[in-house]
Amino acid sequence: MNDLVKLFGPFNQIVTMANVAKDGPINDSQLEIIEDGGIRVNNGQIIEVGNYASIKQSGDQLCEVSEEAVAIPGFIDAHTHMCWAGNRAHDYAYRLQGATYQEIAARGGGILDTVRHTRAATKQELSTRLEQNVLKHVQRGVTTMEIKSGYALNIDDEIKMLEVIREINSKISPTLIPTCLAAHTRPPEFDNNKDYLELLKKDLLPTIQERDLCNRVDIFIEKGAFESEESEEYLSYAQKLGFTICAHVDQFNLGGSAVAAKIHALTADHLEVTTADECALLKQSDVIPVVLPGASMGLGMPFAPARMLLDHGLALVIASDWNPGSAPQGELLTQASILGATEKLTIAETLAALTTRASRALLLEDRGTLESNKRADFLVF
Ligand code: NIG
Ligand code: FE
C-alpha cells in the first residue's frame, strides 16, 4: 500500500555496507556508496535503496533530511555488560596509582565488588540504570546491543539480571540480546570452580532455557577466573544444550582462544595478547574475533591486534565491552576510531566491524546493511 511508504532523503551519500566480504581486509573502494540516495521504507522495513529521484514514487510520504546528510546502518554493539549496580570509581583510582586489574580483583574489588551491589539491587533499581545506559547508547547511534549477565553469580540473581534485560527489551525499541555470563568469576560462596560450574550446568542453564531468557553462554577464560580445561567442558555442555557460545579470551594470558577454536564458538572476545598462532586457530574454526578497545583504554593496556586478525582472513568485530570496571566509558564509535587510527584499519573495516560483521556475531540477519528486506535501522550523520 503506497500510502504507507516513507521516502527518506535525498542523502548526499548512503553507505549501504551491502556486499561487503564476510571476512578479511576491506578496501574503502569496495564500499557501495549511493550518491543523492533515497531509502523507501514500509512498516519498518526497507523496500528500496537507490538514487532518490529514480526511486521516488507519487504518493510516497517524503521524509526530508539536511543537504549534507550521510546514512549508514545503525551500530551493533556485540559485547557489553551494561546491566549493573554500584560503581567502580575506586578501581579506576587504584589503577591510576599502578595497581593492575588482577591485583584489584584479588583484593576483593573488581567484578566481585559489582556483584555485591548487583545482588543487593532490586529489579527496579537495575532496570532504571539499564534503561539509562541503553538510551545513552542509542543517542550515540547504537541500535542493537548485546548485554551480559554475570554480576550476580548465583541462580536467583543471575535470573534477575536476565529478566531485567528482557523487561527493558520489551519496553523500548532497540534490540537487546541477552547472554548468560554466570561463569564470569567464582563467587565467594564456593571454594572451587568445579562445584560452581556444576551448579550452573545443573540448575541455571536448564532454567534459563526453559524460561526462554537467553540462548547465549559466555565464560571468562583467564588466570584467576576459569582455566581452559574446565571452560571447555562447561562450554561444550552448554553447546550440547543448544546454547550459542562466546568467550572472554586472551585478555591478559593466552589459552582461551584455543578453547574457542576447539569447540567452534561463534565468537572469541578480547584477544589483547593474541598472537599469529591463535589467529590461525581461530581462522581454521571460522570463529569471529570481537575486539574491545574500550577495555584497553580503561585499563591502560595495548589494543588487541585488529590489523593482524584481519590479515589472517578473520571477520573483525569491534564492541564497547561497556561495564563499570574495565570499560566504563561505553563510547563505541570513539573507541573504534581510536583503534582504527592505531591499528591502521580502513574506514570500511571499521564500519563493517560495527555493522554487517557485528550482525553476524549476534546471528542477526535482518540488519547491518541498508538494502531491501532489511530493517529500516539507519543513522544519519
Ligand atoms: O570484559 N574481563 C572480564 N570481564 C569484563 C570486565 C568486568 C568488570 O571488570 O566488571 C571485561 O572486561
Ligand atoms: Fe566483557
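Quick note: the coordinates plus some simple rules give every number you see, no bench work behind them. Quick caveat, the model's predicted, so the values are computed rather than measured. Glycine gets a Cβ as well: all are built from the backbone with ideal geometry, and neighbour counts include every protein chain shown.
Using alpha carbons only, how many degrees (0 to 90, rounded to 10) separate the axis of helix 332-343 from the longest principal axis of the chain? In the chain, helix 332-343 runs at an angle near 80 degrees to the longest axis. Counting only DSSP beta bridges whose two residues both lie in the chain, roughly 35 percent are antiparallel. Here the chain is treated with +1 on each Lys and Arg Cβ and -1 on each Asp and Glu Cβ, and its dipole about the Cα centre works out to around 460 debye. For segment 249-261, putting each phi into the Karplus relation 6.51 cos²θ - 1.76 cosθ + 1.60 with θ = phi - 60° gives couplings of 9, 6, 6, 10, 9, 6, x, x, 5, 5, 5, 4, 5 Hz, in residue order, rounded to whole numbers and with x for Gly and Pro.
What the Cα convex hull of segment 134-263 gives, in volume per residue, is 114 Å³.
Farthest toward the positive end of the dipole of the chain, out of 226, 112, 302, is the Cα of 112, where the dipole comes from beta carbon charges about the Cα centre.
With the alpha-carbon atoms of segment 20-66 aligned to their principal axes, the span from lowest to highest coordinate is 43, 22, 19 Å, starting with the largest. With Rh defined as the Kirkwood radius, the inverse of the mean 1/r over Cα pairs, the Rg/Rh of segment 42-101 is 1.32. Computed 3J(HN,Hα) for segment 183-189, one whole-Hz value per residue from the Karplus formula 6.51 cos²θ - 1.76 cosθ + 1.60 where θ = phi - 60°, is 8, 7, 7, 6, x, x, 6, glycine and proline marked x.
Applying D = kT/(6 pi eta Rh) to segment 195-238, where Rh is the Kirkwood radius over alpha-carbon pairs, T corresponds to 25 °C and eta to 0.890 mPa s, the Stokes-Einstein value obtained is 222 µm²/s. Result for the chain in a Gaussian network model with C-alpha springs under 10 Å: among 117, 90, 79, the largest mean-square fluctuation is at 90.
How large is log10 I(q)/I(0) at q = 0.10, 0.11, 0.12, 0.21 Å⁻¹ when the Debye formula is applied to the Cα atoms of segment 109-211, each weighted equally and without solvent? So the normalised log intensities work out to -0.29, -0.35, -0.41, -1.10.
When the Gaussian network model of the chain links Cα atoms closer than 10 Å, the mean-square fluctuations of 293, 305, 206 top out at 206. Within a straight-line Cα-Cα reach of under 26 Å, residue 123 can be paired with the following lysines, leaving aside sequence neighbours fewer than 8 residues apart in one chain: 136, 148, 160, 171, 201, 202. Measuring max minus min along each principal axis, the C-alpha atoms of segment 192-288 give extents of 40, 29, 16 Å (largest first). The phi torsions of segment 117-122, fed into the Karplus equation with coefficients 6.51, -1.76 and 1.60 and a -60° offset, translate into couplings of 5, 6, 4, 6, 6, 7 Hz, rounded to whole numbers, with Gly and Pro shown as x.
What the Cα atoms of segment 242-330 give is an Rg and a Dmax of 12.2, 37 Å. Summarising the amide proton neighbourhood of residue 153: residues at separation of 5 or more, or on other chains, whose placed amide H is nearer than 5 Å comprise 158.
Counting DSSP beta bridges in segment 1-91, what percent are antiparallel, to the nearest 5? Around 70 percent of the beta bridges assigned by DSSP in segment 1-91 are antiparallel ones. Its alpha carbons considered, the chain gives a radius of gyration followed by a Dmax of 21.0, 70 Å.
Can you tell me which aspartates and glutamates have their Cα less than 13 Å from the Cα of residue 283? Leave out same-chain residues fewer than eight positions away. The qualifying aspartates and glutamates are 23, 311. With the convex hull drawn over the C-alpha atoms of segment 46-172, the volume per residue is 168 Å³.
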